[in-house]
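The values are calculated or read from the model by the stated rules, or taken from the named source; none is laboratory data. Being a predicted model, the structure only gives us computed values, none of them experimental. Neighbour counts run over all protein chains shown; Cβ positions are idealised from the backbone, glycine included. Ligands, DNA and RNA are stripped out before the accessible areas are found, and what is left, the full protein with its side chains, is counted by its heavy atoms. Shrake-Rupley method; radii C 1.70, N 1.55, O 1.52, S 1.80 Å.
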Amino acid sequence: MEIVAFCCQWCSYAGADLAGTSRLKYPANIRIIKIPCSSRINPTFIMRALSKGVDGVMVAGCHPGDCHYSTGNYFTRRRLMVLKRLLEFSGINPERLQLYWISAAEGGKFAESVKDIISKLEKIQDKPFPKNPESSP
Amino acid sequence: MRNIGVFVCWCGLNISRTVDIKRVVEETSSHPQVICSTDYKYLCSEPGQKLIKEIVKEKGLEGYVIAACSPGMHETTFRELASRCEINPYLCEMANIREQCSWVHEDREEATGKAIKLVNMAIEKVLHNEPLYPESFPLNKRAMVIGAGVAGMQAALDIADAGYEVLLVEKRPFIGGHMTQLSETFPTLDCAQCILTPKTAEVARHPRITLMPYSEVEEVKGYVGNFEAVIRRKATFVDWNKCTGCAICIEKCPKKIYPEFECGLKEGKSIDMAFPQAVPYKVFINKESCIFLNQGKCGVCAKLCPEEAIDFQQQDQLVKEKIGAIIVATGYDLIDKSELAEFGYGKYKDVIDGMQFERINSSSGPFSGVIRRPSDGKIPKEIVFIQCAGSRDREKGKPYCSKICCMYTAKQARLYKHKVPDGQVYVFYMDIRAGGKGYEEFIYRSVEESGMLYLRGQVSRVFEEDGKLIVWGMDTLSGKKIEINADMVVLASAIVPSNGVKELANILKITTDEHGFIQEAHPKLKPIECMTRGVYLAGCGHAPKDIAESVAQGSATASKVFSLFSRNSVLAEPTVSIVNKDECSGCLSCETVCPYQAIEKENYRGKVIAKVNSALCQGCGSCTVACRSGAIDLRGYTNQQIMAELEALLWK
Amino acid sequence: MHNQSQSFRDSTISTARELEIELEELPDWYCCGAVYPLRSEDLISLLSPTRNLMGAKKEGKELVTLCSACYQVLKRTNYLILNDADKREKLNNYLEEKYDGSTKVLHFLEVIRKDVGWEELKSKVKTSLTGLKAAPYYGCLLLRPQKELVFDHPENPTIFENFLQSLGCDIVDFPYKTECCGAYLGITEEKVINSAVLKIIQGANKRGIEVLITSCPLCLYNLEAGQKELMKSGHISKPVPVLYFTQLLALALGLGVDVCHFEEHQINPLPVLERLK
Amino acid sequence: MEISIEKINYELREAIEERSNQKIINCYQCGKCSAGCPSENLMDVPPHEIVRMLQLGLIDEALEVNSPWFCTSCFTCLSRCPRAIDIARIMEALRYYNLNDVFQPFDPNVLSDEVKTRLPQQALVSLWRKGT
């Protein structure tokens, strides 16, 4: 299983770092891409990831009201809600996309969120896109 | 095509214990654009950096990936190194294989596989990076300190002494913070007022400190060096330019209240001064209780004031201030009474908290410094102190240790014995935490000289019977249940962040932890910096601490401000949005999502298009998603870069 | 209750009628088991309370209890079923029909508060109990563990006080109201009861309390039997009658002493109540 | 007293943890439970010390003391415990392990008629239940 996580650098990326500093353990199949704010996530990133065979996408941002850029995560929340419907329309289980609010102080929540998305993905049987791994250039 | 290098750090055993460094080096060196992949024990060390520099020179690298700790830790180190190697710093990327790999995974195989992927992702990102050049902006060399307690005052004084202007904003109508309420201080038993008054006076008369008492910060915009704050100056209903502090109004005011300063123990008036040495030495009207303000009658103070300073029409004022740096020194409160119900806190008058004891012991307090109990004014002959009341209690109270209670309980017990030599002190404690200069000695001197009895255990219940407080506690050292008929009980209540910190943190865009304390940027290496550049942190708003530590932190934040203000300009992150002029359709969807009003209009080839004001843009990237034609991109996090990272993630 | 607590039964039924609260006996009820099982693997003991909960669900009604022990067992069982999916499934495997935890368990006091209200109750009082120095005795089972029962504040409960206030009583602050009476140890360990009851009654005497109010048959029994013993041994001189809250309610509503069955009591409350007439 | 890894990890301790669903190591020995316990004066060993014995692996010793039989399950300890340890459950687990050795089923026939008529059935049921 392969999961990509988009983490905003102020809250959730720092939360993931805190999970590390606190030596909390979580499964290794998550890859974090650092972005400045969850509102930087273009839905096409998520569509591309899923279409290329990623099993799930985790989006993590600051708690609503705590966004470093004031309002960014409100946009994220609305955009992803629409995207979930689009995923459903496209025949992709919308559960493959999960949104979490993780602050810089919540290392434990980060580790729990990883476990949570994995347990959710494990319940999904269908594979919308066959995995056709590309070899490295 | 770019020639890049990969450097993998062992971080001693931190990474190499779980990640097979050799394999990471091997796998990544097969990448066609990676012309060199190597490893070293500590890349951040002097020899490590030297090694990188040599290889860059030797191989003619145009960019590199550092696979090591979190970028939060050492990105600056390696980007500065890149500059010294004549590589644009933004052509250096870090793969976080420590915090997000070796420290969180146990299986060596899995961790190694993940590390390789993370490095591959960073390689692909570097290949799509562009050199970026930060713009520089002028800097406003004026600091704002929020909170005029001992930490905030120290910071303000240090900054002002260094020659910079300081704005000192305080919520309460006087400065000095909680320390003004204390009687004496540990471990030297100095009188708190005596050591504090010179400082408050100095703050008040300092030519470069602008004092804003009874004020709160409502809004902060901008960025390091160029913040703009809106401050609410709450109405005192007294013109402080006229008020001389003669106190005639206080004497004649018919409305009696119990002000917060005296913790409900001593009567005050609706128009009052918090305490006799208050700075500023001015009176203010309590809006909630004033008869005139609520019923339109009375106005005795206005009639009597010789300076005609009373102004019932006074309104809150909003003031705009420009500043370059902010110090947050918001301080603490004590835990809510309802959370300590088993001790009868809030129910029985003679069950008091540590701050109330300070007031009782203070010569300006309710009993002029004689230790009496609040219910009937009798001198308590048997007194019980309960430590960890609400602290270290993750179920009903706070899981953390409030740090100063062991010390102040010993201090209070000793002060009680000084005043009531024939009284008996009992202290229930769980552990004595006296780590500080002269602290342990202080505790044992208290025990040995004063004959107070320390009982190792917690108290289960306190209730009233026959005018006494029955205390059911445990002495776990003897295994005996203890019942004490006490005259007074003093709780060393848990320290909590002061009210309103959460809202302030939102305004400043800094984070708070699960208990509401302000989060530092790094627990060890950046303990006084906040996540937002240009915002620093001092005192108990960060975590419980004693006076000496708060003062030290105040000074430390001041030194951070010095180093910021020593420059004539600040460099802004070049990771801002940029518009592709030919693709922009001018719909300005980006304008509506930008939280910084950084999108402006521009005429280009006969049409109106969007333009990013890079001074205002903070680089969140929200606009890039709102753009229908994909004409806006975010430097440093371009669509291409992120897509490249995604691709690399799926390589087998 | 039909056998041994006619006092509790009759006073409740008549007061409910007077307050226009509709009570119905649960058809085919089982004994709740009297104690909530404390071993994590003990599921069998949860079956009978679950059946009762399911019975109420089938009737589409709230499940009202009088006795503190029943309240504790039923409410905690319901809490477990609601919050522990694994235990819920295991329990349901034993049952004829599935039960999801949707029945609401209420104590009769809560029903009075919810359906009548303290102000309204005050207006219905015919014989005000003004001057009667009463104190509640909550005991353990109504209050703890707070997380599961959510009945009232575990250290400073007030529901009984509000109730007594509506009846016109003089409320006495009684710190022993949440102390344990000794529970089932009353049968085998006289020492426990005597030491527990002694503390409680001495505390009551010191405060001039004339009558203690409870909702638990075992508290009532222990307090009465314990006092009798302590009178014999001379540890206390003045006994304090213990009443069910519904008995006091019946008197206040003017329903007379007959529904109260004071003859069941080991300490006759009539001398204290006589004064009120 | 010698303690060792075997002793501390004694399987009976784990079984007690499982039966009671309580983590014994969470206790930091503040003694608040014992300070509020209504039967502490009758117990050989106060509640927090029982937990300490279990922490040290002194399970056999813990099974010998009378304290579990005096616990009334009033939950005062739980409601004030800073670590949310339900000692009543630990006591129940200890009673359970003790049954075969110590427990003598209570014979209701020893009760006087007067007691039998007045005693709520709740009392007898709960007494029997506590021992099973």
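One table, with the values for the structure above:
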| item | result |
| --- | --- |
| Criterion violated by C:Q6 - all others in (1) more than 15 Å from the chain's Cα centre (by Cα); (2) within 14 Å of chain D (Cβ to nearest Cβ); (3) not charged (D, E, K, R) satisfied | (1) |
| Those residues of the stretch B:28-74 which are closer than 27 Å to A:Q9 by Cβ and part of a helix (DSSP H, G or I), in sequence order | B:T28, B:G48, B:Q49, B:I52, B:V56, B:P71, B:G72, B:M73, B:H74 |
| Failed criterion for B:C388 (all others in (1) under 30 Å from D:P82 (Cβ atoms); (2) out of contact with any helix residue (DSSP H, G or I) (no Cβ under 8 Å at 6 or more places or on another chain) hold) | (2) |
| Residue ID - least open to solvent (accessible area, probe 1.4 Å), chosen from residues in the stretch B:377-426 that are more than 11 Å from chain D (Cβ to nearest Cβ) and without any contact (Cβ under 8 Å) to a residue 24 or more places away in the chain | B:G377 |
| Residue within the stretch B:484-499 that is over 30 Å from B:S375 (Cβ atoms), at pLDDT 90 or above and of a type in the set (D, E, K, R) present | no |
| Single condition B:T76 does not satisfy, out of (1) surrounded by fewer than 17 Cβ atoms within 10 Å (Cβ to Cβ); (2) within 12 Å of chain A (Cβ to nearest Cβ) | (2) |
| Sole residue being within 19 Å of the chain's Cα centre (by Cα) and under 21 Å from D:T117 (Cβ atoms), chosen from C:L251, C:L212, C:L167, C:L223 | C:L223 |
| Filtered residues of the stretch D:30-49 (kept if closer than 20 Å to C:C181 by Cβ, assigned to a loop (DSSP other than H, G, I, E, B) and among the hydrophobic types (A, V, I, L, M, F, W, C)) | D:C37, D:M43 |
| Hey, B:C9 buried (at least 20 other Cβ atoms within 10 Å of the Cβ), in contact (Cβ under 8 Å) with a residue 12 or more places away in the chain and away from chain A (no Cβ under 14 Å) or not | yes |
| Elements of type strands (runs of 3 or more DSSP E) in the stretch A:27-137, at least 2 residues being open to solvent by 20 Å² or more (accessible area, probe 1.4 Å) and in contact with a Pro (Cβ under 8 Å, 6 or more places away or on another chain) | none |
| Residue in the stretch C:159-170 that is nearest to C:V73 (Cα to Cα), counting only those that are without any contact (Cβ under 8 Å) to a residue 60 or more places away in the chain and more than 14 Å from chain B (Cβ to nearest Cβ) | C:I159 |
| Filtered residues of the stretch C:117-147 (kept if in a helix (DSSP H, G or I) and within 14 Å of chain B (Cβ to nearest Cβ)) | C:Q146, C:K147 |
| Which numbered condition A:L83 misses (of (1) touching a residue at least 24 places away in the same chain (Cβ under 8 Å); (2) touching a Ser or Thr at 6+ places or on another chain (Cβ under 9 Å); (3) within 29 Å of B:V576 (Cα to Cα)) | (2) |
| Boolean, A:A5 is within 8 Å of chain B (Cβ to nearest Cβ) and either surrounded by fewer than 20 Cβ atoms within 10 Å (Cβ to Cβ) or within 28 Å of B:R108 (Cα to Cα) (or both) | no |
| Residue satisfying condition, being of a type outside the set (V, I, T), without any contact (Cβ under 8 Å) to a residue 40 or more places away in the chain and crowded, with 17+ Cβ neighbours inside 10 Å, within set C:L149, C:L143 | C:L143 |
| Condition broken by A:S51, with the remaining ones in (1) of a type outside the set (D, E, K, R); (2) more than 7 Å from chain B (Cβ to nearest Cβ); (3) under 14 Å from B:K114 (Cβ atoms) satisfied | (3) |
| Out of C:N194, C:N156, sole residue that is without any contact (Cβ under 8 Å) to a residue 60 or more places away in the chain and away from chain B (no Cβ under 14 Å) | C:N194 |
| B:G534 vs. criteria closer than 29 Å to A:N73 by Cβ, touching a Gly at 6+ places or on another chain (Cβ under 7 Å), open to solvent by less than 40 Å² (accessible area, probe 1.4 Å) and in contact (Cβ under 8 Å) with a residue 40 or more places away in the chain | yes |
| Looking only at the stretch A:8-26, and only at residues there that are aliphatic (A, V, I, L, M) and within 7 Å of another protein chain (Cβ to nearest Cβ), the one that is most open to solvent (accessible area, probe 1.4 Å) | A:L24 |
| Test: residue in the stretch D:55-71 that is at the interface with another protein chain (Cβ under 10 Å from one of its Cβ atoms) and surrounded by 23 or more Cβ atoms within 10 Å (Cβ to Cβ) | yes |
| Test: residue in the stretch B:227-248 that is closer than 22 Å to B:D353 by Cβ and assigned to a helix (DSSP H, G or I) | no |
| Single residue of D:A88, D:A84, D:A93 found to be outside any helix (DSSP H, G or I) and either modelled with pLDDT of 80 or more or more than 9 Å from every other protein chain (Cβ to nearest Cβ) (or both) | D:A84 |
| Top-ranked residue of the stretch B:456-469 - restricted to ones that are within 14 Å of chain D (Cβ to nearest Cβ) and open to solvent by less than 10 Å² (accessible area, probe 1.4 Å), ranked as farthest from the chain's Cα centre (by Cα) | B:F463 |
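Residues are listed down the side, and each one gets a yes or a no for (1) more than 10 Å from chain A (Cβ to nearest Cβ); (2) touching a residue at least 12 places away in the same chain (Cβ under 8 Å); (3) over 30 Å from A:S22 (Cα atoms):
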{"site": "B:L43", "(1), (2), (3)": "yes, yes, no"}
{"site": "B:G48", "(1), (2), (3)": "yes, yes, no"}
{"site": "B:K57", "(1), (2), (3)": "yes, yes, yes"}
{"site": "B:E80", "(1), (2), (3)": "yes, no, no"}
{"site": "B:I87", "(1), (2), (3)": "yes, yes, yes"}
{"site": "B:C92", "(1), (2), (3)": "yes, yes, no"}
{"site": "B:H105", "(1), (2), (3)": "no, yes, no"}
{"site": "B:G113", "(1), (2), (3)": "no, no, no"}
{"site": "B:M121", "(1), (2), (3)": "no, yes, no"}
